[in-house]
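> Submitted below is the structure of interest, expressed as structure tokens.
The values are calculated or read from the model by the stated rules, or taken from the named source; none is laboratory data. The structure displayed is predicted, hence computed values, not measured ones. For neighbour counting, all protein chains shown are included, and Cβ atoms are generated from backbone atoms with ideal geometry for every residue, glycine included. Heavy atoms of the whole protein, side chains included, go into the accessibility calculation; ligands, DNA and RNA do not. Shrake-Rupley method; radii C 1.70, N 1.55, O 1.52, S 1.80 Å.
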Amino acid sequence: MLLPPHNLAEFLPYFSGIGIKEVIMIVIGLFFIYLAIRKEFEPLLLVPIGFGIILTNIGGGMGEPPYGLLYLIRRYLIDTEIVPCLIFLGLGAMTDFTPLLARPMVGFILGAAAQIGIFCAFLMALALGFPLKQAAAIGIIGSADGPTTIYTCTKLAPEILGVVAISAYIYMALVPLIQPPIIYALTTKKERATYMPPAIRPVSKLEKIIFPIVLVLIACTLAPQSTPLIGSFAVGNLFKECGVVERLAESARNELMNVSTILLGLGVGGTLMAENFLTVRSLMIFGLGVFAFVTATIAGVLFGKIVYLATGRKVNPIIGAAGVSAVPMSARVCQVVARKANPRNYVLMHAMGPNVAGVIGSATAAGMLIALLGG
Amino acid sequence: MVDPLQIIGISLTVVFICLIILGLAVTIVSKVVMKVEKSSGKEEKG
């Protein structure tokens, strides 16, 4: 005989098979939507992710195999690398490499330095008891690059994809809060006030066309596992710069990017079911995410100081923080901090160099982790 | 069992080498392109 429910926990399953944990997840999904709409935290991803969380936890099996829609998106579009690579193609079609090409050595060195944060977080995750592949997937949060994070996590530790992705996107939105205290702590006012002339070297169209080709030839030779990301990035950029396929470039940075973003968000949100999100390990991953961003910023700024000294105090060390590839937020943070120290300063274009180099650095680091850990 | 420190060492080395080589390659390409454009500019004027 069916007895009437005595409390909420017993009441809910009569409607759609959801329990208290699923209700909590739905509230979390609503919270992400609130963050996205009200606070404008990475709205392009957090709105679909938040809604994906609601859809997968409200019952109806949208996130479950074999026929759940969100499961199918994840299985056939994300796990197969298709969507992250298409997003990278779109990013390439949106990225202007002029600041990097104007001063390549400074940009690339600082872009590489910030990737140290990935490995600091990797070590810390190992120390906290995460297995090797999960630790690497957590460490890649320090890349501050959503598609790279999702790509790497899908290859190495798909079981924690949802938490890692959420962590990455939330902290990317929090870069303006995370980075300035670190920059202030590691630099003196004199260093922050280092004046860099606003104008950068003019870069010819031919250089911009050759660059994506050189990028693929070098980066994909040295780190072949990064080819899907870097190759996609390069082809998108070539579409943009060659000038003869403008409609492809337009589609790549608009329609393709938008469709891919929708699918990525819903697919990732669809993985966030109660049983794999409401755990202590998820909280630890959130904590490690902020650790990854902090150590990446520290490494970038410290290398910025080295470059500052090596160039005879001509390069503002703040721009090292822009090696954290949250494009263009990190560069804007550098600009704000530099202006506060010296109102004449305009370092935004100089900071964009390491900022976009960081995207390449993080994709290379991801490729190496996948290659070494057998993803 | 793979040594994590080895993974970090190899990965960071490759990242730095890759980006430094990219930086050098871009510097060389830029210089060559500027030279070519300058000389073709001079030829047009001549």
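> If you build a Gaussian network model of chain A, linking Cα atoms that sit under 10 Å apart, which residue out of A:Leu132, A:Leu91, A:Leu110 swings the most?
Of the options given, A:Leu132 has the highest mean-square fluctuation.
> With a/c under 1.5 counting as rounded, go ahead and sort the stretch A:173-278 into rounded, prolate or oblate using the C-alpha gyration tensor (a ≥ b ≥ c being the square roots of the eigenvalues; past the cut-off, prolate if a/b is larger than b/c, else oblate).
The shape class here is oblate.
> Additional query: Please list 3J(HN,Hα) in residue order for the stretch A:40-57, calculated via the Karplus relation 6.51 cos²θ - 1.76 cosθ + 1.60 where θ = phi - 60°; whole Hz, with x for glycine and proline.
My calculation for the stretch A:40-57 gives 6, 7, 6, x, 4, 9, 6, 5, x, 5, x, 5, x, 4, 5, 5, 7, 9 Hz in order.
> Hey, what's the Kirkwood Rh for the stretch A:142-195 if you take every pair of different alpha carbons, in angstrom?
13.0
> Just to confirm a number: summing +1 for Lys and Arg and -1 for Asp and Glu over residues other than A:Leu248 whose beta-carbon lies under 13 angstrom from that of A:Leu248, what do you get?
-1
> Using the Cα centre of the stretch A:228-313 as origin and beta-carbon charges of +1 (Lys, Arg) and -1 (Asp, Glu), tell me which of A:Phe303, A:Pro228, A:Val244 is placed farthest towards the positive end of the dipole.
Looking along the dipole axis, the top candidate is A:Phe303.
> How large is the accessible surface per residue of the stretch A:73-211, computed with a 1.4 Å probe and reported in Å² as a whole number?
31
> Give me the percent of the accessible area of the stretch A:246-375 that comes from carbon and sulfur atoms, probe 1.4 Å, all protein chains in place.
67
> Say the cut-off is 32 Å between C-alpha atoms; which of A:Lys240/B:Lys38; A:Lys21/A:Lys133; A:Lys39/A:Lys205 go over it?
In this structure, A:Lys39/A:Lys205 exceed 32 Å between Cα atoms.
> Taking a quarter of the surface of the Cα convex hull of chain A, what do you get in nm²?
The orientation-averaged projected area of the Cα hull of chain A comes to 20.4 nm².
> Measure off 7 Å from each Cα along the Cα-to-Cβ vector at A:Leu72 and B:Asp3, then give the distance between these two points in nanometres to one decimal.
4.9
> Less than 15 Å Cβ to Cβ from A:Phe88, Lys/Arg counted +1 and Asp/Glu -1: what total charge do the surrounding residues give?
+1
> Still on this structure: Mean-square fluctuation check for chain A, GNM, Cα pairs under 10 Å: which of A:Ala252, A:Ala292, A:Ala363 is largest?
A:Ala252
> Report the label-to-label distance for A:Ile37 and A:Leu217 in nanometres (one decimal), using points 7 Å from each Cα along the Cα→Cβ vector.
The modelled label-to-label distance comes out at 5.1 nm.
> Quick one: 3J(HN,Hα) in Hz for the stretch A:220-233, Karplus 6.51/-1.76/1.60 with θ = phi - 60°, rounded, Gly and Pro as x.
Calculated HN-Hα couplings, in order: 6, 6, 7, 9, x, 6, 8, 4, x, 6, 5, x, 5, 4 Hz.
> Among A:Phe41, A:Phe293, what's the order by accessible area (1.4 angstrom probe), most exposed first?
Order by accessible area, largest first: A:Phe41, A:Phe293.
> List the lysines whose Cα lies under 22 Å from the Cα of A:Lys305, skipping any in the same chain that are fewer than 8 positions away.
A:Lys189, A:Lys190, A:Lys314, A:Lys340
> Just name one of A:Pro66, A:Pro48, A:Ile166: the one whose Cα is farthest towards the positive end of the charge dipole of chain A (beta-carbon charges, Lys/Arg +1, Asp/Glu -1).
Going by the Cα projections, it comes out as A:Ile166.
> What FRET efficiency comes out for A:Ala199 versus A:Asn258 if R0 is 35 angstrom and r is the Cβ-Cβ distance? Round to the nearest 0.05.
That pair, A:Ala199 with A:Asn258, gives E of 0.55.
> Can you work out ³J(HN,Hα) from phi for every residue in the stretch A:323-339, in order, using Karplus 6.51 cos²θ - 1.76 cosθ + 1.60 and θ = phi - 60°, giving whole Hz and x for Gly and Pro?
Residue by residue, the stretch A:323-339 yields x, 6, 7, 8, 7, x, 4, 4, 5, 5, 4, 4, 4, 5, 5, 5, 5 Hz.
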